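Please read the structure below before turning to the comments.
Bear in mind these aren't lab numbers, they're just calculated from the coordinates by the rules spelled out. These numbers were taken from a predicted model, which means no experiment stands behind them. Cβ coordinates were reconstructed from backbone atoms using ideal geometry, including for glycine residues, and neighbour counts include every protein chain displayed.
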Amino acid sequence: LTLHLAHATQPEKDIKLEVRPDADGKFSAPLPMFERSRWQVVAEDGARQWRLGATWIWPGQHGIELRADAPK
């Protein structure tokens, strides 16, 4: 799983991480210290067949949870 964190105004501060699931199948990653900003977060599989995205406001939000919409 690739996790992209895009800085709202300074693309040179963007971060790309490769993340693996834990024993329970949950993904988490240690992150460096961030500056205050609105970050665009995108998670996608290695084959780029799907992606999930959200906005994350640091430090107002201490974490982010990405979930797919239920099929209609």
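What the table below lists for this structure:
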{"item": "Index of the failed condition, residue 54 passing every other in (1) part of a strand (DSSP E or B); (2) touching a Pro at 6+ places or on another chain (Cβ under 8 Å)", "result": "(2)"}
{"item": "Some residue of segment 20-32 being surrounded by 13 or more Cβ atoms within 10 Å (Cβ to Cβ), charged (D, E, K, R) and over 17 Å from residue 59 (Cβ atoms)", "result": "no"}
{"item": "Residue that is farthest from residue 66 (Cα to Cα) [pool: residues in segment 12-46 that are in a loop (DSSP other than H, G, I, E, B) and in contact (Cβ under 8 Å) with a residue 40 or more places away in the chain]", "result": "46"}
{"item": "Odd one out for residue 9, checked against (1) within 10 Å of the chain's Cα centre (by Cα); (2) β-branched (Val, Ile, Thr); (3) assigned to a loop (DSSP other than H, G, I, E, B)", "result": "(1)"}
